[in-house]
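Reading through the structure tokens given below for one structure.
The values are calculated or read from the model by the stated rules, or taken from the named source; none is laboratory data. Predicted, not measured: the structure shown is a model, and the values here were computed from it. All Cβ positions, even for glycine, are placed from backbone atoms using ideal geometry, and neighbour counts span all protein chains on display. We work out accessible area using only protein heavy atoms, side chains counted, and drop any ligands, DNA or RNA first. Shrake-Rupley method; radii C 1.70, N 1.55, O 1.52, S 1.80 Å.
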Amino acid sequence: MKVDGKSYRTIWLNEDGWSVEIIDQTKLPHRFETVTLRNVEDAATAIRDMLVRGAPLIGATAAYGVALAMREDPFDDALDRAYETLHATRPTAINLKWALDGMRATLRNRPHGERVALAYRRAAEICEEDVAINASIGDHGLALIRAAAARKTDGAPVNVLTHCNAGWLATVDWGTATAPIYKAHGQGIPVHVWVDETRPRNQGAALTAFELGHHGVPHTVIPDNTGGHLMQHGMVDLCITGTDRTTATGDVCNKIGTYLKALAAHDNDVPFYVALPSPTIDFTVADGVKEIPIEQRAGDEVAKMTGKTEDGRIETVSIVADGSPVANYAFDVTPARLVTGLITERGVVEPNREAIARTFPERVED
Ligand code: MRU
């Protein structure tokens with residue numbers, strides 16, 4: 001997608017043919033900076049400190065992290081160490097394990113001399129697959145937005161509410177929740193996005209708004225607690241969010257606060273869709289609330305805010321009373337009963353075990 005008119009992906013191989021470039025998302029929206037990853041530690045730090053974030057991009061970065069590790073040492077011990085180091089970075093998004101399992105399966109039992117090339121090839125494939133999957137999610141989601149537009153009598157825009165950043169910055173390109181929005185915008189369907197700010201790290205205000213703004217998509221940033229009010233007043237046609245892990249039964253784990261939006265949507269008969277690539281489905285988990293590990297992050301993310309001052313300096317300030325404890329649960333789980341449909345690369349799927357298994361039969365044995 002575009003930044004200042006120039007096309008970018010979120011991760012790419014440099015011209016040297018081995019180092020990996022990423023956009024440092026901790027600097028957005030006020031600074032656009034890229035960072036070079038030169039070894040597996042760089043990749044792990046980028047994921048842990050959220051220079052890259054979003055389930056699909058975490059997976060893609062981990063894949064390149066393994067390739068960087070193989071470049072330094074192609075033997076089994078190094079492969080296992082790289083797997084463990086990268087796997088320990090963040091616990092909730094299942095795309096991380098999916099990508100690492102895929103890399104290990106590709107490299108195990110292959111001659112050491114072939115492993116570097118194989119690792120880079122598989123990492124590049126994961127990136128290309130992600131772009132194709134998201135484009136396809138966009139096409140299936142587009143049909144939902146087109147249908148919502150057809151129900152409008154006055155040519156008014158379709159109002160989509162989204163939470164966190166499940167945009168192109170969270171993937172390699174297109175995004176998941178935003179792909180249908182970009183496709184609709186590209187086809188001239190009037191669309192307007194309510195962007196939840198998404199405390200505490202403000203992925204909506206900082207990242208989704210940045211993306212949509214640079215792409216010319218009309219949008220409005222709202223405090224996280226505004227969605228219910230908008231839905232009560234008929235100002236939201238549909239919600240589309242992303243997910244970090246969806247169970248075999250259709251429970252959806254996503255950024256903290258997603259569950260509350262789903263409850264409000266349910267109460268107001270607003271369709272609540274979740275867009276996801278199939279690597280986000282964890283077929284080993286049946287009960288999302290009980291089984292999915294929820295990341296807890298540093299209290300400073302809640303107690304402090306970073307922003308731009310009027311004279312252009314980036315500053316961090318404290319916003320909580322000195323000494324008050326804070327809690328920082330990064331994700332929550334929306335039960336399948338509150339989800340209208342899962343927008344996948346193979347179509348819109350009902351959030352239940354039978355429909356998901358029917359759509360992805362080759363994954364059920366995972
Ligand atoms: O903590 P983050 O910023 O990595 O959380 C990201 C989300 O919750 C996204 O909605 C999710 O990864 C889907 S991204 C297509």
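At a glance:
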| item | result |
| --- | --- |
| Heavy-atom accessible area per residue - the stretch 267-366, 1.4 Å, Å² | 55 Å² |
| Cα gyration tensor, the stretch 260-366 - rounded (a/c under 1.5), prolate or oblate | prolate |
| Shape call, the stretch 134-363: gyration tensor on alpha carbons, a/c limit 1.5 | oblate |
| Under-5 Å amide H pairs with K304, H placed in peptide plane, nonlocal only | I319 |
| Area accessible to solvent at F210, 1.4 Å probe radius, in Å² | 20 Å² |
| Gaussian network model of the chain, Cα within-10 Å springs - most flexible of T249, T316, T176 | T316 |
| Accessible surface of the chain, 1.4 Å probe, proportion on carbon and sulfur as whole % | 50 percent |
| Nitroxide proxy distance, nm - points 7 Å out along Cα→Cβ at T316 and R110 | 4.0 nm |
| Prolate/oblate/rounded label for the stretch 1-59 (Cα gyration tensor, a/c 1.5) | oblate |
| Amide hydrogen neighbours beyond the local backbone of I281, cut-off 5 Å, H modeled | T246 |
| Largest to smallest accessible area among H214, H163, H233 [probe 1.4 Å] | H233, H214, H163 |
| Table column - 3J(HN,Hα) (Hz), the stretch 339-347, Karplus curve with 6.51, -1.76, 1.60, x for Gly and Pro | 9, 6, x, 9, 8, 10, 5, 9, x |
| F32-E354 FRET efficiency (beta carbon distance; Förster radius 45 Å; 0.05 resolution) | 0.50 |
| Karplus 3J(HN,Hα) series, Hz, for the stretch 262-268 with 6.51 cos²θ - 1.76 cosθ + 1.60 (x for Gly, Pro) | 5, 5, 5, 5, 4, 5, 10 |
| Heavy-atom surface of the stretch 12-146, accessible at 1.4 Å and reported per residue (Å²) | 40 Å² |
| Spatially proximal lysines relative to K261 (Cα-Cα < 25 Å; intrachain offsets below 8 disregarded) | K152, K183, K290, K304 |
| Cleavage-rule hits, trypsin sites (Lys or Arg not before Pro), the stretch 299-329, DSSP coil, Cβ neighbours within 10 Å at most 10 | R313 |
| Cα-based helix-to-principal-axis angle, 95-107 vs the chain, degrees rounded to 10 | 30 degrees |
| Between 0 and 90°, nearest 10: helix 76-87 axis offset from the chain longest Cα axis | 20 degrees |
| 0 to 90° range, to nearest 10: angle between helix 55-72 axis and the chain longest Cα axis | 10 degrees |
| Residues with amide H under 5 Å from that of V221, placed H, sequence gap 5 or more | V195 |
| Residue-averaged 222 nm ellipticity for the chain, from DSSP H runs of 4+ at -39500 (n - 2.57), nearest 500 | -11500 deg cm²/dmol |
